[in-house]
Amino acid sequence: MDMRRLVGRNAKRFRLASGLSQEKLSELSGLTQQYISDLERGLRNPTVVTLYELAVALKVSPVELIADDA
């Protein structure tokens, strides 16, 4: 399993379930909209700190971002 794609799919799934746009998630997380777009497409390899900031913004556990979504 490509972890970059997995994290990206999970982030997008939680973002959409929360009714957030990439722009709003960008504001909440402190990440750029471009970074979030790249992350959701599996093009970024997020650090532990980035996973934490994203999880806080999405109101999920960081573990949920790396959990198998199959």
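Every number in this text was worked out from the coordinates using simple rules, so none of it is lab data. Only a predicted model underlies this, so the values are computations on that prediction, with no experimental measurement involved. Using ideal geometry, Cβ is built from the backbone for each residue, glycine included, and neighbour counts are taken over all protein chains shown.
Stokes-Einstein diffusion coefficient for the chain at 25 °C in a medium of 0.890 mPa s, Rh from the Kirkwood formula over Cα pairs: what value in µm²/s? It would help to have the intermediate numbers written out before the result.
Numbers: Rh = 11.5 Å.
Taking Rh from Cα pairs, D becomes 214 µm²/s.
Starting from the Cα of Val49, move 7 Å in the Cα-to-Cβ direction to define the label point; list residues of region 6-33 whose amide nitrogen is under 16 Å from there.
In region 6-33, the label zone of Val49 (backbone N under 16 Å from the point 7 Å along Cα→Cβ) covers 29-32.
Relative contact order for region 3-64: what percent, with Cα pairs under 8 Å and sequence separation of 6 or more?
Over region 3-64, the number comes to 40 percent.
What is the fewest-to-most order of Asp38, Asp2 by other Cβ atoms lying within 10 Å of their Cβ?
Numbers: Asp38 16, Asp2 9.
In increasing order of surrounding Cβ atoms, one gets Asp2, Asp38.
Rounded to the nearest 20 Debye, what is the dipole magnitude of the chain about its Cα centre when Lys and Arg each give +1 and Asp and Glu each give -1 at the C-beta? Can you show the working numbers first?
Working: 10 positive and 9 negative charges, 25 e Å.
For the chain, the charge dipole is close to 120 debye.
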